[in-house]
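A.B. asks: Pasting a structure here, questions to come.
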Amino acid sequence: VLAGCSDVGIISAGRVYLRIRALGLPLVFTANVLQGASIARQDASTPLRIFACAGVLNLFGDVYLTLMQGKGIVGAAVATLASQLAAAAYFIFRSIRLDRSLSASMAPRRMVA
């Protein structure tokens, strides 16, 4: 009995779902750390936009994979994993771009007489 459920089918489906979702834990940690860095720079709108886009991607992925492709719980987990990957990748892309622009702006300039 797991959480009051004794149905073996539900427990095995939940196990599959959790295994797929566990692959996304490093992505979630990365996105959360970079969200904190954005908020520390007083930029709350970028994480909001990134997570909103990830949520929409997850929604469409869920509909496509579960309803149209018939993948069921595996499709739901894969859609969530894909949205987490997209959010983390875009956060990393934005951070690298910001780091390059900060490095360029802090570079010593040549004195012109």
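A.B. asks: Only helices (runs of 4 or more DSSP H) wholly contained in region 1-80 count here; list those with 3 or more residues that are touching a Cys at 6+ places or on another chain (Cβ under 6 Å). Explain how you work it out, then say what you get.
C.D. replies: Details: elements: 8-22, 25-40, 45-62.
Qualifying helices (runs of 4 or more DSSP H): none found.
A.B. asks: Also: Considering only residues that are under 15 Å from residue 37 (Cβ atoms) and among the hydroxyl-bearing types (Ser, Thr, Tyr), which ones fall in region 54-103?
C.D. replies: 90, 95, 101
A.B. asks: Tell me yes or no: at least one residue of region 5-15 is surrounded by 14 or more Cβ atoms within 10 Å (Cβ to Cβ) and polar (S, T, N, Q).
C.D. replies: No: region 5-15 contains no residue that is surrounded by 14 or more Cβ atoms within 10 Å (Cβ to Cβ) and polar (S, T, N, Q).
A.B. asks: Can I ask one more? Mind counting the residues in region 18-30 that are open to solvent by 60 Å² or more (accessible area, probe 1.4 Å) and over 19 Å from residue 91 (Cα atoms)? Outline the logic, then answer.
C.D. replies: Going residue by residue through region 18-30, those that are open to solvent by 60 Å² or more (accessible area, probe 1.4 Å) are 18-19, 21, 23, 25-26, 29.
With over 19 Å from residue 91 (Cα atoms) added as a condition, the list becomes 18-19, 21.
Final tally of qualifying residues: 3.
A.B. asks: What is the number of the single condition among (1) open to solvent by less than 30 Å² (accessible area, probe 1.4 Å); (2) in contact (Cβ under 8 Å) with a residue 60 or more places away in the chain; (3) not polar (S, T, N, Q) that residue 85 does not meet?
C.D. replies: Unmet for residue 85, out of (1) open to solvent by less than 30 Å² (accessible area, probe 1.4 Å); (2) in contact (Cβ under 8 Å) with a residue 60 or more places away in the chain; (3) not polar (S, T, N, Q): (1).
A.B. asks: Being open to solvent by less than 60 Å² (accessible area, probe 1.4 Å), charged (D, E, K, R) and either modelled with pLDDT under 95 or assigned to a helix (DSSP H, G or I) (or both) is the requirement here; does residue 99 meet it?
C.D. replies: Working: open to solvent by less than 60 Å² (accessible area, probe 1.4 Å): no; charged (D, E, K, R): yes; either modelled with pLDDT under 95 or assigned to a helix (DSSP H, G or I) (or both): yes.
So residue 99 fails the test.
A.B. asks: Across region 55-78, which residue is surrounded by the fewest Cβ atoms within 10 Å (Cβ to Cβ) among those that are over 19 Å from the mean Cα position of the chain (by Cα) and not hydrophobic (A, V, I, L, M, F, W, C)?
C.D. replies: 70
A.B. asks: Now for a different question. Does region 31-54 hold any residues that are open to solvent by less than 50 Å² (accessible area, probe 1.4 Å) and of a type in the set (Ser, Thr, Tyr), and which are they? Full working, then the answer.
C.D. replies: Looking only at region 31-54, we keep the residues that are open to solvent by less than 50 Å² (accessible area, probe 1.4 Å), and these are 31, 34, 36-38, 43, 46-47, 50, 54.
Listed by number, the residues that qualify are 38, 46.
The values are calculated or read from the model by the stated rules, or taken from the named source; none is laboratory data. Remember, predicted model here, so these are calculated numbers, not experimental data. Positions of Cβ are generated from backbone atoms using ideal geometry, with glycine treated the same way; all protein chains shown enter the neighbour counts. The protein model used for the area step is the full one, side chains on, heavy atoms only, and it has no ligands, DNA or RNA in it. Shrake-Rupley method; radii C 1.70, N 1.55, O 1.52, S 1.80 Å.
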